[in-house]
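What follows is a single structure, written as structure tokens, with notes after it.
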Amino acid sequence: MTSSVPLQTYNQHRSPSEYTDDLDSSPARKSTLSYAEEAYDPYTDTPGKSWGNTTFAESATDSDVTHKPSLSYASKELDEPTDFPSTRGAPMNDKRPLLARWFDPGRYPLQQRIEDKRRGIGRQRYPVVVWALTIIMVAVFIYELVVNAKAQGSPISFHPSVNPMLGPSGSALIRVGARFPPCMKTVPSVPVTLQMPCLNDTANPPDRLCTIEDLCGHGGFHGKEPDQWFITPIFLHAGFIHIALNMLAQLTAAAEIEREMGSGGFFILYFAAGIFGNVLGGNFSLVGVPSVGASGAIFGTLAVTWVDLFAHWKILDRPARRFFWMLVELIIGIAIGYIPYVDNFAHIGGFVMGLFVGTTFYPIISTTKRHRLITWGFRLAAIPIAIILYVLLIRNFYTSDPYAACSGCRYLSCLPTSANNHCKGTGITTVSGVNTTSGSAI
């Protein structure tokens, strides 16, 4: 290890101009300049000590150096006291309870929080909830294929109709718990005694008939009121194409949101958005069409990126450009919802609920008191609005005719054509006197 040359002694024998000339011209001196010396003036901690001709690595191991300059991203100030190092582990070392971290997400300097935000450093390193949900959904999809294989001899439905998503039949999806209103409540236009093709029927036209109660999952409801609910469809997928697209979005975009929010807030966001998407679809989509998929939950995580954008407009780089591309992505996502067999209500409902829940739980950096007050104003308003929406739509689903509340809402997920009876009816068609569903929505 080379010893440092005290600046005080050096300057006593040489004028500033001589020192500068020597510093600029000496190759030996240049070779010992560290990154810190190039960016800052030489720093002395104690009399007679300097970072003068010592490299950065050597200085880091010098036992005599007890205090080193720290770098702040925005202010470039030296020696700013910090509670956390400027690494990904900074916010993750906070051991406070979840509620305490929610009310006060940053116990380290504001500029450090802004730096972490720009670098994509969140509250935790690993998206454990996303990983767990992905494993569960893949396992459930395998179970769907097994159910269809036992009933029809093939994991993928080819008879009497081909599943365009390369997955189980609509009857198999109903059996394993798809969102199918006749299995959830009494639907006068689709009574439980209505006969449809059985799960194991592969003939065209169908020659094996079962009642809707026989098709419903969880062993039916044994003459009682239908009792399936809105949560199981989140874990189901219509085929290989469907689950591949959803898991790709979940393991990338949704995983990043979990890292930023933390697992607690992300868990609430994911299921609040996913369930609400099914609630909205249960109210206004065709009652005779089963629906499955985690699209509503994933659109809920997409909504959080909008909360992030508007809350941190002055912090993020190129916010206008980001807004443009996010708007394009949202338009494409909504447009996909109009493709046959795709449930746009899950997309819209998940996105709307994601805005409210994301506003409540997403960690927002406030640089001014005014910004902090506005943020908490939105948070306090988002909570009751989310609860009111849930209560109104669940009540509307179970106690009245959903279409009566909003007859035009069906067009949010349906382009009227002669093939779908102009978005009217139940979605159940009759083939040679036998009732069949028109497919499954995803």
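The values are calculated or read from the model by the stated rules, or taken from the named source; none is laboratory data. All of these numbers come straight from a predicted model, not from anything done at the bench. We place every Cβ from the backbone using ideal geometry, glycine too, and count neighbours over all the protein chains shown. Accessible surface areas use protein heavy atoms only, side chains included; no ligands, DNA or RNA. Shrake-Rupley method; radii C 1.70, N 1.55, O 1.52, S 1.80 Å.
Numbers for the structure displayed
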item	result
Total residues in region 236-247, condition surrounded by fewer than 17 Cβ atoms within 10 Å (Cβ to Cβ) and more than 21 Å from Ala151 (Cα to Cα)	2
Any hit, region 160-171, residues being more than 25 Å from Gly281 (Cβ to Cβ) and not basic (Lys, Arg)	yes
Candidates Ala381, Ala386, filtered to the one that is over 10 Å from Val307 (Cβ atoms), within 19 Å of the chain's Cα centre (by Cα) and small (Gly, Ala, Ser)	Ala386
Test: Ile268 is under 22 Å from Met137 (Cβ atoms), open to solvent by 10 Å² or more (accessible area, probe 1.4 Å) and free of Cβ contacts under 8 Å to residues at least 24 places away in the same chain	no
Close pairs (6 angstrom Cβ cut-off, 6 or more residues apart or separate chains): at positive phi in region 336-360, open to solvent by less than 40 Å² (accessible area, probe 1.4 Å) anywhere	Tyr341/Gly439; Tyr341/Ala441
Subset of region 367-407 [in contact (Cβ under 8 Å) with a residue 40 or more places away in the chain and open to solvent by 80 Å² or more (accessible area, probe 1.4 Å)]	Tyr398
Among residues of region 148-206, those that are touching a Phe, Trp or Tyr at 6+ places or on another chain (Cβ under 8 Å) and among the aromatic types (Phe, Trp, Tyr), counted	0
Hits in region 195-214 - residues which are part of a loop (DSSP other than H, G, I, E, B), in contact (Cβ under 8 Å) with a residue 24 or more places away in the chain and open to solvent by 40 Å² or more (accessible area, probe 1.4 Å)	Asn200, Thr202, Asn204, Pro205
In region 277-313, the residues that are in a loop (DSSP other than H, G, I, E, B) and touching a His at 6+ places or on another chain (Cβ under 9 Å)	Val292, Gly293, Ala294
Residue in region 350-357 that is at pLDDT below 95 and assigned to a helix (DSSP H, G or I) present	no
Pick from region 164-179, criterion touching a Leu at 6+ places or on another chain (Cβ under 8 Å) and hydrophobic (A, V, I, L, M, F, W, C), ranking: surrounded by the most Cβ atoms within 10 Å (Cβ to Cβ)	Leu173
Residue within region 215-235 that is open to solvent by less than 10 Å² (accessible area, probe 1.4 Å), touching an Asp or Glu at 6+ places or on another chain (Cβ under 7 Å) and in a helix (DSSP H, G or I) present	no
For Ser157: the one exception among (1) open to solvent by less than 30 Å² (accessible area, probe 1.4 Å); (2) assigned to a loop (DSSP other than H, G, I, E, B); (3) farther than 18 Å from Pro340 by Cβ	(3)
Checklist (1) in contact (Cβ under 8 Å) with a residue 24 or more places away in the chain; (2) within 19 Å of Lys224 (Cβ to Cβ); (3) open to solvent by 50 Å² or more (accessible area, probe 1.4 Å) applied to Pro191, failing item	(1)
